[in-house]
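> Have a look at this one.
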Amino acid sequence: MLWDKSEIEELNDDYETREFLSNIMLIGSDGGDMAYGIDISGKYIEVPFIGMDDEEVKCIAEDFDDFIDYVWSR
């Protein structure tokens, strides 16, 4: 589920994203333990909420269409 635009900043603050991840903004989740985000280069990523760390970031798509395909196929 993608977060509402008006909630993105607040949720990133709540999850302390800037403290744990470099140059990434979270934009949603799988409804469970996985967060989705965008890195500074525009690539879409996933990272676990628990153990959130740059080393756990996985690039899942280069563009929005591929991101939607990835999420839809899960």
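The values are calculated or read from the model by the stated rules, or taken from the named source; none is laboratory data. Note that the structure is a prediction, hence the values are computed from the model and not measured. Because the Cβ atoms are built from the backbone with ideal geometry, glycine has one as well, and the counts that use them run over all protein chains shown. These accessible areas exclude ligands, DNA and RNA; they are computed on the full protein's heavy atoms, side chains included. Shrake-Rupley method; radii C 1.70, N 1.55, O 1.52, S 1.80 Å.
> Given Ile45, Ile50, Ile60, Ile38, which one is open to solvent by 50 Å² or more (accessible area, probe 1.4 Å) and either part of a strand (DSSP E or B) or aromatic (Phe, Trp, Tyr) (or both)?
Ile38
> Would a scan of the stretch 8-18 turn up a residue that is of a type outside the set (A, V, I, L, M) and in contact with an Asp or Glu (Cβ under 6 Å, 6 or more places away or on another chain)?
no
> What are the residues in the stretch 19-35 that are assigned to a strand (DSSP E or B), surrounded by fewer than 21 Cβ atoms within 10 Å (Cβ to Cβ) and among the small types (Gly, Ala, Ser), if any?
Gly28, Ser29
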